[in-house]
Amino acid sequence: MVEHGDIRVVHRGGSKIDFRQPVITNDSRFLLCASGECVKVFSTSTEECIHDLQGHTDLVTGVLLRPSNHLQVYSCSIDGTVRLWDFTDGILIKTYVIGCPVYSIYASANHEGVIFIVVPMLGDKRSELFQLVAVHLPQSGDQLVESRELSAVLSNVSSNPADIAFGRGGEYIASAKGLQLKVFFFKKQKSYEFSLKEDNKKGGLNTFTCVACHPKDDCIATGHGDGKIRLWRNFNHKKEYTYSTLHWHHNAVSSLCFTPEGTNLLSGGVESVLVQWRYNQESQRDFLPRLGAAITHIAVSPDGALFCTSHSDNKITIIQSCVKVSAVIQGLVKVLRLMARTKEGESVQTDLIVDPRSKALVLNGKPGHLQFYSLQRDKLLYNLDIVQQEYIHELGLEQFEVVKAAFDASGTWLATVEERKQKSAELEVNLKLWAFDEQTQSFVLNTTISAPHEARITAMCFRQATDSQTTMLVSTSKDGHFKAWQLATPAHTEDEGPSWSCDFVGTYHGLVPECCCFSADSSLLAVSFQEVVTVWSPTSWELLTTLSQPPGAIRDLCFGRLSCSKYLLGTTAKNLLCCWNLLTCSLEWSTSMDISLLLADPLSENMAAFCCQAGCTDLFVFKPSEPRPLFSHKAVCSGTVTRAVFAPREKMLDSCEENSQWLNRSQLHFLTQYMDLMTFTTKAEDDRLMASSKQLVIDDSVAMTPFYLLLGKHRHQQQENQDPMSSLSAERTPLPQSSVAIKELLQTPAHVLPSTSFLCSMFVQSLLISVTDLSGCRENNKKAEEEMESEKEEEDSEQEMESSIVRSEQAAVSVQSAECAAPALTKAQVRELRRLKKLDHSWLAGLLDS
Amino acid sequence: MASFKPTNIPVYPKLGEKVTQDTLYWKNYKAPVQIKEFGAITNIDFSPVTPHNFAVTAFTRIHIYGPFSQEPVKTFTRFKDTAYCGRFRSDGQLLVAGCEDSVVRLFDVGGKVALRMFRGHTKAVHVTDFTSDRYQILTGSDDYTCRLWDIPNATELNVYQEHTDYIRCGITSKLNRDLFITGSYDHTLKVFDARVDKSVMSMDHGQPIESLLLYPSEGLLVSAGGRYVKVWDLLKGGQPLVSLRNHHKTVTCLALSSNGQRLLSASLDRHVKVYSTTNYKVVHNFDYAASILSLALAPDDESIVVGMTNSILSIKHRKSPEESREISGQQRRRPSYRVFVKGKNYVPKQDDYLVSKPVKQYLAKYDKQLKKFNVSKALDCALEKWIRLRNPEVPVAVIKELDRRGTLKNALAGRDEQQLSRLLSFLIGNLVDMRFAPVLVVAAEMILDIYRSILGQSPVIDRQLLRMQDLLEREIDYQKELVEVLGMLDTMFASSLPKMEVPWISSATLLPLEVAVPSKKLNFPLEGGICI
């Protein structure tokens, strides 16, 4: 960032929305959830993000409706502040500075002006112990309020917000940690503690995972690690407390929630089934199965009409009273889970790919799915089910994983590889080919090839088919073969359409092929066999030449594009970047670099190399023909970058600065170690984005109710009747002059405004219908000028404002003159215009000088 | 809430014969009518005029059958010895036949007694035919000569003594009255012109020639002899075009389908092969009970008539369109149209509020059980008799699914004798199938693990386990042999490949070899794509 101030690495969307429990507003129209450093407001009916509440400088850890005002919301963050927002307009009302990181926030209607937050015990960030404290929010008009008076309520609590809950009417608060449940009564100022044994007889885990309190009754529901739910009663006695046990979940209960009237209890866990228990009739339960991924949080709207569940695949599902899924808000699916166990530790197994048709980013999504993610709109377009099997939500089960995917150049074919490795059994590999169906606008399975190779597939690529040639897919495998697959016409009459079959099998000295790559014109295929690069002709399957640069196996291979298509680049495991010239079949140049990833921009000659050095990744962008890199960026992120992609831009940028030219046609996106999607932007682009986001005005429409349907028509007709009148009044408004004046009037603080008598004339003037007659205009101007000059001597303090008014008037004049110049003018008009110009010049010049 | 995804039943590529347009066409015949004759049937000839009766020459008789009769409509018995080559004239009025006693007889189709007797040959006459002008007869005999006779005068017109062995086949041109072709056991076929005294063209077949066939255009000539069928281009001076070797015994007879697109050859190896005349590939194959001596196709391929050495005449009639449709219709009675349409043809009016009905998901029995996590019941449903026997891939897919869910052991355990024996019989039937082996081997191992303790308690189960052991031992032997064969073939291919400058071996040449090995081999990947 030091050497190139105008190119920045920015976080590109895909932030988590399942981190904390979402909140549904009282009118059930909005859903608020913490997402990274902001709070997102979604519409529950349209699933669209209405606005972001931006202001926090660190991770937001909790969102809470203000009990005394249902149009305001509190949010707390690690940055040590609690902020109060008006979420309908997205305005920050107040900021309370706490001074130490806040992990969760609670409030109750009974405790006016007090919020309860979880902070580290000693005010220290690294402390493992947390306490629940009450904060009195000072009543003051200032936007920024210091409120450091913390009074401890409970010590040694869990930082997980699900582990603390307010009881009936805020009389008590329940907190669970480990094997202990604490209940604190505010009236008596007394706390009771109940603890469980570590394991029960059957070996289940008794640890508490979540707590919920009944809103009307003295009952606390707790979830446990072994899937049990306990309902505690009589907990205001030390000895005589009782609990009953409900057991349906077979893994830990991750979230519990009572409906507002307390008639039902909702629970969810890894099984991804929402279970609804009737309170007091616990044998009756309802299920909502197959919600897609493990449930992490459950929330209920204050009127009990909507439930929403957040899932571990970065998704929020909105459910209408446990019957029907009404909306799904889906973010970029993160694939961090499970993979920690496998040794590779790599979470996105398919490369980042760009769908040539929709320009969407394609990568692993939910288990067994590919997700199509729109980079422009930061929205998940859809998930394509590759494996097409019922996903069994159980820990420790080996599932099919999509490990490779490739698109052909036009986006009509998609090839995917899925594999499943059991401990003892053979590796199961399926190669699937999907055709794009124009009618349904999605991919349809064409061919399934089970066991295409005897071992794991290492690489796969499509031939960049020019139209006349048939499409071809090449796959390389650990079994030492590479195979070419081709679309074959049906051999017998029963087949519906063409399907794919093996066309050629190639080997080279029994070595294992690692990468394959087609040249830009698809006349050459390069396959690397450990240290050796073999170049084949795909039409005749002849081995044309072998290139080799001994130390180290080839890790990446790619051909140059456009004017550099005679170059073939490869990186080796022994920190070498080689460039071969295919015309002379010799090494053009090589350099010593530890490159973790090499990729070519499909739209230009540029290549990007991510280079790992001392725990950081550097980026170099270069042309194979030029020795000097076009662009280099030290320390792009920590850790190695293994997945990146050039995504073509919708609109070409026209930057001509040398170091940002490479971003003109396509944008480089990459995934960091922590699965954050990052990208490079130029300054110009940033500015444009800022401007466009300000223009965005959301018109939230009236909900579609039967009343609306009935009355809507009536009102619509009325509006139509009114229209002619309103259009008349509308004519006046677009004047630049008036709008600027009104803005000045309304937005300038009152204490710096001039006297009302002065403003009045200006204001009235601004409301007048614009004078098309130029002479009139001039008179106006003159008048204003005179006025100004007279005022100027008296009031120096208004210098600023006056000059701005003058400027706006000036602009208006020039606009008018430009308008008049356009239509054909009569002679008289032209004469007058000329006269006017002379006049104008003189006084304008005078004005400019002053 | 996503809907339940049913178990994926893979569609395997069909092994064996592929269904093509040709197989559909040539299978569309009824079961054959079989008629016992008095001796080996040497020739069958269809009358060129309707109702297309056909003359069958067998032993000392010639029978004429109607197109649909099973009894001969006419019989010629006035032969002293074995009759040969009864053929119709192009107007269907006259019939000529040779005989072992060297006399050629000409019959009126309506009469009984021979109209003319042509004497002159010294040995058996195997070839007789009318020329296209209808007034002359060509004969070929075992005395190495062929002769032309005049019908009205019953005189010999010409003798050709060019062959040096028996003449056993001959054909006259349909377009030119003077041209005829003979094939002989001296391996040559000769084209004669009646206007000159010598043959005008001679071709060497390489084997004793048994049958000849001219294309309707008469530009191409097909000859059969030995195991070979050869095609000659007469317009290029008798240049050989193709040599087909698809039979493993002598080819005895040739025929052309009515549209000229398919060539049929019959052989002593009991097969009739159908070739496409565009690429000369075999597109279909018929099997018969005995060695075939003669073959004829009715006009429009209405029937295929084959005569065999065991004196059986087999007649296959083409199915009428109604019949072929009936069979497919009979398989399943569908509910009436009214039931389908009920309530669905209602067109909503303008202001109607549409309440869409949720689409009901239909699940197979085993899927319903899988949805409820009833694993044992799911396996039981999949192992129902008719599913097990007709679609073995269904139980295999369910076993695979259970294995994926990690509950296969639960599903297999806790079975009584009857259920277990059903499971074992399914395993015995499909364990060595290469498509199912990877899945079923896992299940078989689990069964052995689970039920090891109860071995010896039930004679039924013990017997089945022994059978399974037997089966596996045999399979292992197969595998060994196949690996040996593969090794041998590898060396042969390696030595036959030309040495390249860059030392590498293309596996592409090995690929067809993999396919050629019987499908029993377990460790071959499935090369073909499976179309879903």
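The values are calculated or read from the model by the stated rules, or taken from the named source; none is laboratory data. Everything quoted here is computed from the prediction, not taken from an experiment. All Cβ positions, even for glycine, are placed from backbone atoms using ideal geometry, and neighbour counts span all protein chains on display. Only protein heavy atoms, including side chains, enter the accessible area calculation; ligands, DNA and RNA are left aside. Shrake-Rupley method; radii C 1.70, N 1.55, O 1.52, S 1.80 Å.
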If one compares the long axis through the Cα atoms of helix B:393-405 with the longest principal axis of the Cα atoms of chain B, the angle in degrees, nearest 10, works out at 30 degrees
What percent of all Cα-Cα pairs in the stretch A:141-267 falls into each 10 Å bin, going from 0 up to the bin containing the maximum distance?
12, 43, 30, 10, 4, 0
Positive-end residue, the stretch B:163-202 charge dipole about Cα centroid, Cβ charges, pick of B:Asn176, B:Tyr166, B:Met201:
B:Asn176
For the stretch A:398-468, what value does the Rg/Rh ratio take when both radii are computed over Cα atoms and Rh is the Kirkwood radius, given to two decimals?
1.04
Quick one: grab the alpha carbon gyration tensor of the stretch B:32-115, order the square roots of its eigenvalues as a ≥ b ≥ c, and give me rounded if a/c is under 1.5, else prolate or oblate depending on whether a/b is larger than b/c.
oblate
Please sort by residue number the chymotrypsin sites (Phe, Trp or Tyr not before Pro) in the stretch B:1-103 whose DSSP state is loop and whose Cβ has at most 12 other Cβ atoms within 10 Å.
B:Phe38, B:Phe68
Relative to the present Cα-Cα distance, how much length would full extension add between B:Asn8 and B:Val460 at 0.36 nm per residue of separation?
159.4 nm
Report, in deg cm²/dmol and to the nearest 500, the calculated mean residue ellipticity at 222 nm for chain B, where each DSSP H run with n ≥ 4 adds -39500 (n - 2.57) and the sum is divided by the residue count.
-7500 deg cm²/dmol
At B:Gln70 and A:Glu128, where each label point lies 7 Å from the Cα along Cα→Cβ, what is the point-to-point distance in nanometres?
9.6 nm
Toward the positive end of the charge dipole of the stretch A:70-179, about the Cα centre and with charges on Cβ (Lys, Arg +1; Asp, Glu -1), which of A:His70, A:Val82, A:Ala165 goes farthest?
A:Ala165
Is there a quick way to get the dipole size of the stretch B:209-261? I mean about its Cα centre, with the Cβ of Lys and Arg at +1 and of Asp and Glu at -1; what is the value in debye to the nearest 20?
240 debye
With a Förster distance of 51 angstrom and the Cβ-Cβ distance between A:Ala455 and A:Asp86, calculated FRET efficiency to the nearest 0.05 equals 0.25
Taking the alpha carbon gyration tensor of the stretch B:1-65, what are the square roots of 5 times its eigenvalues, largest first, to the nearest whole Å?
52, 15, 10
Where a ≥ b ≥ c are the square roots of the eigenvalues of the C-alpha gyration tensor, would you call the stretch B:121-193 rounded, which needs a/c under 1.5, or, failing that, prolate if a/b is larger than b/c, or oblate?
oblate
Whole percent per 5 Å bin, from 0 to the bin with the longest distance: what is P(r) over all C-alpha pairs of the stretch A:561-624?
4, 18, 28, 25, 16, 6, 2, 0
Dimensionless Rg over Rh [the stretch A:210-279; C-alpha; Kirkwood]
0.97
If you take the Cα Rg of chain B and divide it by 2.2 N^0.38 Å, with N the number of residues, what do you get?
1.36
Drop in accessible area of at least 40 Å² in the complex versus isolated chain, residues of the stretch A:404-448, 1.4 Å probe:
A:Arg420, A:Thr448
Farthest toward the dipole's positive end in the stretch A:528-636, which of A:Ser540, A:Ala553, A:Leu630, given Cβ charges of +1 (Lys, Arg) and -1 (Asp, Glu) about the Cα centre?
A:Leu630
FRET efficiency, 1/(1 + (r/R0)^6) with R0 45 Å, evaluated for B:Tyr337 and B:Val49 via beta carbons
0.45
If one computes P(r) from the Cα atoms of the stretch A:535-581, what percent of pairs lie at distances over 15 Å?
51 percent
Dipole magnitude of the stretch A:364-432, debye to nearest 20 (Cβ charges: Lys/Arg +1, Asp/Glu -1, about Cα centre):
240 debye
Note down the nm distance, to one decimal, between modelled labels 7 Å out along Cα→Cβ at B:Arg422 and at A:Ser321.
4.5 nm
Contact-by-burial set, the stretch A:494-532, min loss 30 Å², accessible area of protein heavy atoms with 1.4 Å probe, reference chain alone, gives A:Glu494, A:Cys502, A:Phe504, A:Val505, A:Thr507, A:His509
Rounded to the nearest 10 degrees, the helix B:437-450 long axis (Cα) sits at an angle to the longest Cα principal axis of chain B of 40 degrees
Could you tell me the distance between the Cα centroids of the stretch A:155-219 and the stretch A:507-568, to the nearest Å?
63 Å
Prolate/oblate/rounded label for the stretch B:223-281 (Cα gyration tensor, a/c 1.5)
oblate
Length gained if B:Tyr346 through B:Arg119 is fully extended, taking 0.36 nm per residue and subtracting the Cα-Cα distance, is 73.1 nm
Tell me the label-point distance for the pair A:Gln388, A:His247, using the 7 Å Cα-to-Cβ offset, in nm and rounded to one decimal.
4.0 nm
Give the value in nm², to one decimal: projected area of the alpha carbon convex hull of the stretch B:73-227, averaged over all directions.
9.0 nm²
Given charges of +1 on the Cβ of Lys and Arg and -1 on the Cβ of Asp and Glu, with all other atoms neutral, how large is the dipole of the stretch B:16-150 about its Cα centre, in debye to the nearest 20?
280 debye
I'd like the FRET efficiency for A:Ser155 and B:Leu472, computed as 1/(1 + (r/R0)^6) with the beta carbon distance as r and R0 of 45 Å, rounded to 0.05.
0.10
Averaged over residues of A:385-394, the number of beta carbons from other chains lying within 10 Å of each residue's Cβ is 4
How long is the stretch A:528-642 along each principal axis, judged by its Cα atoms, biggest number first, in Å?
45, 29, 21
As a test of the definition: with a 1.4 Å probe, what buried accessible area, both sides summed, do you compute for B against A, in Å² to the nearest 100?
3500 Å²
